[in-house]
Amino acid sequence: MRTALPENLASALLAYDSPMALLTWDGQDVALVAKVDARDIRGFKRAPVAYRWELGLFPAGPVLCLALTILDDPKRPYLLETFLDVAKEGDLALARRMTRQDHLTLDFYDFNLIYHFSKRIAHREKQRQELAAMIERALAHLATCECPDWYAARQEFFRSMPR
């Protein structure tokens, strides 16, 4: 659990006005840091969380996504996504660490980066195995891309995935 964010992480979160989530290494575990409106965070504390790893393979390159659904409102659950670029050493290391980690900690901050609470969810063996297979498929696909462009691939991911 973290309450004070490193300066580079705080800057990245403050660069956007909208809710966002980032995976980060806290020195012991991979954690998901979420910046969300404080009014929404209040409903998250006891809400179950469902999540899945997704992989998109595009001519511009692979995109690995962690999609979370916070079931705070049955009619309108809260959705968060974060993306990894396996061509970047840091992102690849985070993904690989998640294949060995049996949990994921969600750290919730409001738009002013005031810490509210953390929630720990299970990262089961099946999910870890699926993620490991996705990483291998992503790296194999990356090797076939003549001129990888992760940002273009991510835009294609948004256009192609049902939301």
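Only the coordinates and a few stated rules stand behind these numbers; no lab work does. Because the structure is predicted, anything quoted here is derived from the model rather than measured. Heads up, the Cβs are rebuilt from the backbone with ideal geometry, glycines too, and the neighbour counts pull from every protein chain shown.
Structural remarks
- Structure-derived log10 I(q)/I(0) by the Debye sum over Cα atoms at q = 0.10, 0.16, 0.17 Å⁻¹ - corresponding label in [x] -0.37, -0.96, -1.08; [y] -0.49, -1.03, -1.09; [z] -0.68, -0.89, -0.95: [x]
- Net length gained if the chain between residue 159 and residue 69 were fully extended (0.36 nm per residue, minus Cα distance): 30.4 nm
- Net charge of the neighbourhood of residue 148, taken over other residues with C-beta under 11 Å away and scored Lys/Arg +1, Asp/Glu -1, is -2.
- Among beta bridges from DSSP that stay inside the chain, the antiparallel ones total about 85%.
- Order of 72, 85, 17 - criterion: other Cβ atoms within 10 Å of each residue's Cβ, fewest first: 17, 72, 85
- In nm, spacing of pseudo-spin labels at residue 46 and residue 11 (7 Å Cα→C-beta vector): 4.1
- Degrees, to the nearest 10: 125-144 long Cα axis against longest axis of the chain: 40
- For the stretch 142-163 and the stretch 1-69, distance of Cα centres in Å: 20
- Adding -39500 (n - 2.57) for every DSSP H run of four residues or longer, then dividing by how many residues the chain holds, sets the calculated 222 nm ellipticity at -9500 deg cm²/dmol.
- Local electrostatic count at residue 61 - Lys and Arg +1, Asp and Glu -1, tallied over other residues with Cβ under 13 Å: -2
- Lysines whose Cα lies under 19 Å from that of residue 35, excluding same-chain neighbours fewer than 8 positions away: 45, 119
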